[in-house]
Amino acid sequence: MVRDVAFGQYFPTDSVIHRLDPRAKILMFIAYIVVIFCTFNYASLGVIAGFTVLFLALSRISPKFYFKSLKVIIFIVIFTSLLNLFYGTGEPIFQWGIFKLTWNGIHRAIFVTVLASSCLTFTTSPTELTDAMERLMKPLKVIHFPVHEVSMMMSLALRFIPTLLEETDKIMAAQKARGANMDSGNLIQRVKSLIPILIPLFVSAFRRAYDIATAMECRCYRGGAGRTRMKSIHMSTRDGIAVAVLVLVPAGVIICNILIPAMV
Amino acid sequence: MSCILELQNIGFTYGAGTPFEKRAVDGVSLKINKGEFIGVIGHTGSGKSTLVQMLNGLIRPTDGRVLLDGKDIWDEPKKIRNVRFRVGMVFQYPEYQLFEETVYKDIAFGAQNKGLTGKELDEAVLKAARFAGVKESHLQKSPFDLSGGEKRRAAIAGVIAMDPDVLVLDEPTAGLDPMGREILLSQISGYHKQRGNTILLVSHTMEDIARVADRIIVMNRSECVMFDTTKSVFAQGDKLRETGLRVPQITSVMQTLKNKGYSVPDGVLTVDEATSVLAALMKKEGKAW
């Protein structure tokens, strides 16, 4: 049930994309998102689409899972498309045009962002992700931002998502066995019926947090100072090539924007 | 004896159609009589938990039927709650489901959902508390202030308060100290004797099962491989060992004696029984006890 969501999962298939440095991947991801908003015609959009398909293919993960992750947002896209159709017909007024353009932009952004972020999380393990975040945020230490602590919190939170989902399933089953009614009644009744699930869930989350804190204390954890990593991340030629390829994307987009007059 | 629960060739597949597909229960057919005490054993992952969750409609079997008093429980899916009141289910570590402000209110939760109010509700709660061994002085306390064993008793009382005709307990003694196990187990069998309902007890402790169960369901690799009286199941030690289980210690001691040529019967289940058998044997051989 709750566990069936594909978005945000990690699939260890060990492809080229998997072996990239997670820092490079995060930076490329951000660059990609920025570029999407700079596309002004079909040609530049085509460049983006082409590279997206290339990256997805390189990740060696079944397209089925990418479709699954799109499923979450397909409703929003269809809904706004309908609105778009509604606003767009017959009235070529400038403001409406802008409106239309915005909706289109949002569609593109959502589609490609979801695909790209799926590509990122499908191919990067949560530990790698938080490690990379920590390294990328390192400059913030200058302004006394607790970089290590924040990334430790993030990795703990990620680690406990599946555990808590499992726990929710168990608690729901137990309360249903006592006749808890969760599928019917008006809004207030439904919200009330969540109490028997939320309270035990919070209690167990706190219990787990205490356990983790004790376990960390027992292993003499004392924050980030002087800590080394078991798996340190290194930039390699592979990452250089990837970044170079990614530079081609904005270059292509800009060229298309200049050469072909705006159509969208 | 009349049959209360009947399983007709039921099966369940997790995540059908995905790469994570797993057949958890496969083609189980059996009949459970009113008033019986049934033990369910099987090693981890053998499908016991899935099987018992199909009895009260928490999991809908992907094939086969579950009959309660001769009626398919999924005939009217909207009324599945009524089945859950009749087939009470105590999960593993039930203390994690407590949520109310007081122990009293928590025990009342199920009975209230069933529709009891006022005096009836009060009686149901007090009776359940007594059966499960919850002290009366604890009823107005917060459930989170109780000790582990007390919490577990309160949670079990919450299911007993619904007064189910069939009570399923999934490893109720897991994680308790020996004394706590002993007390809880005798409380359950005392409840069974007084209330006269049907009980299914899932457990990994063969000694517990041997003490209380009339018949035993043995699960192995999603299938029910044995369903027979406790004596005859534990008399087949070799077959049990094949499924990764063992017989109670005392039973295997007596089996060894028998293999060495002493005339002792098969399937001795408890220490008391063994004592009397051995005393009789020694008397016969003319040795002092």
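Relative contact order for chain B using alpha-carbon pairs under 8 Å, separation at least 6, rounded to a whole percent? Working shown, then result.
Numbers: 521 pairs, mean separation 60.1, N = 289.
The value is 21 percent.
Can you pull the mean other chain C-beta count within 10 Å for peptide B:80-91?
Numbers: counts 1, 6, 1, 0, 5, 3, 0, 1, 3, 5, 3, 5.
Going residue by residue through B:80-91 and averaging, the value is 3.
Pop the C-beta distance of B:THR102 and A:ASP169 into the FRET formula with R0 = 22 Å and round what comes out to the nearest 0.05.
On the way: r = 27 Å, r/R0 = 1.22.
Calculated transfer efficiency: 0.25.
Indicate the gyration tensor shape class of the range B:248-289 (rounded, prolate or oblate), computed on the Cα atoms with a ≥ b ≥ c the square roots of the eigenvalues: a/c under 1.5 is rounded; otherwise a/b larger than b/c is prolate and the rest oblate. Let's see the in-between values first.
Numbers: a/c = 2.47, a/b = 1.42, b/c = 1.74.
Oblate.
Please state the relative contact order of the range B:248-289 as a whole percent: Cα pairs under 8 Å, 6+ residues apart? Present the calculation step by step, with values, prior to reporting the outcome.
Working: 28 pairs, mean separation 13.9, N = 42.
The value is 33 percent.
Can you figure out the FRET efficiency of A:ARG229 with A:HIS144, using R₀ = 25 Å and their beta-carbon distance, to the nearest 0.05? Don't skip to the end; give the middle numbers.
Numbers: r = 23 Å, r/R0 = 0.90.
About 0.65, to the nearest 0.05.
Once Lys and Arg get +1 and Asp and Glu get -1 on their Cβ, which of B:VAL253, A:ALA177, A:ILE212 lies farthest toward the positive end of the dipole of the protein assembly as shown?
The residue sitting farthest along the positive end of the dipole is A:ILE212.
Taking chain B as a Gaussian network, Cα atoms linked when under 10 Å apart, which of B:LYS71, B:LYS135, B:LYS119 shows the biggest mean-square fluctuation?
Between B:LYS71, B:LYS135, B:LYS119, it is B:LYS119 that shows the largest mean-square fluctuation.
Give the long-range amide H neighbours of B:THR62: residues separated by 5 or more places, or on another chain, with amide H under 5 Å away, using H modelled in the peptide plane at 1.01 Å from N.
B:GLY11, B:PHE12, B:THR13
Could you check the simple spin-label distance between B:LYS34 and B:TYR262, using points 7 Å along Cα→Cβ, in nm with one decimal?
For the pair B:LYS34/B:TYR262, the computed spacing is 4.3 nm.
With a cut-off of at most 12 other beta carbons within 10 Å, and DSSP calling the residue loop, which GluC sites (Glu not before Pro) in the range B:190-289 qualify? Please list them.
Values: sites: B:GLU207, B:GLU223, B:GLU242, B:GLU273, B:GLU285; in loops: B:GLU285.
Taking the range B:190-289 and a limit of 12 other Cβ atoms within 10 Å, the loop GluC sites (Glu not before Pro) found are B:GLU285.
Spin-label point model (7 Å from Cα, Cβ direction): what's the B:GLN140 to B:ASN82 distance in nm?
3.9
So which chymotrypsin sites (Phe, Trp or Tyr not before Pro) in the range B:61-113 are both in a DSSP loop and have at most 16 other Cβ atoms within 10 Å of their Cβ? Before the final figure, lay out each step's value.
Numbers: sites: B:TRP74, B:PHE85, B:PHE91, B:TYR96, B:PHE99, B:TYR104, B:PHE109; in loops: B:TRP74, B:PHE91, B:PHE99.
Within the range B:61-113, the qualifying chymotrypsin sites (Phe, Trp or Tyr not before Pro) (loop, at most 16 other Cβ atoms within 10 Å) are B:TRP74.
Count neighbours as other Cβ atoms within 10 Å of each site's Cβ, and list the trypsin sites (Lys or Arg not before Pro) in the range B:182-266 that are DSSP loop with at most 10 such neighbours.
The qualifying sites are B:LYS260.
For labels at A:MET153 and B:GLN92 in the simple 7 Å Cα→Cβ model, what's the distance in nm?
Between A:MET153 and B:GLN92, the label points sit 3.3 nm apart.
Whole-Hz Karplus ³J(HN,Hα) for the range B:46-56, in order, using 6.51 cos²θ - 1.76 cosθ + 1.60 and θ = phi - 60°, x for Gly and Pro?
Rounded to whole hertz, the list is 8, x, 4, 5, 4, 4, 5, 6, 7, 5, 10.
What FRET efficiency comes out for B:ALA16 versus B:ARG246 if R0 is 25 angstrom and r is the Cβ-Cβ distance? Round to the nearest 0.05.
On the way: r = 34 Å, r/R0 = 1.37.
Efficiency, from the Cβ-Cβ distance: 0.15.
Shape of the protein assembly as shown from its Cα gyration tensor (a ≥ b ≥ c, root eigenvalues): rounded if a/c is under 1.5, otherwise prolate when a/b > b/c, or oblate? Can you show the working numbers first?
Numbers: a/c = 2.34, a/b = 2.00, b/c = 1.17.
Judged from the Cα gyration tensor, the protein assembly as shown comes out prolate (a/c at least 1.5, a/b above b/c).
Each value in this text was obtained by applying a stated rule to the coordinates, not by laboratory testing. All of these numbers come straight from a predicted model, not from anything done at the bench. Positions of Cβ are backbone-derived with ideal geometry, glycine not excepted, and every protein chain shown enters the neighbour counts.
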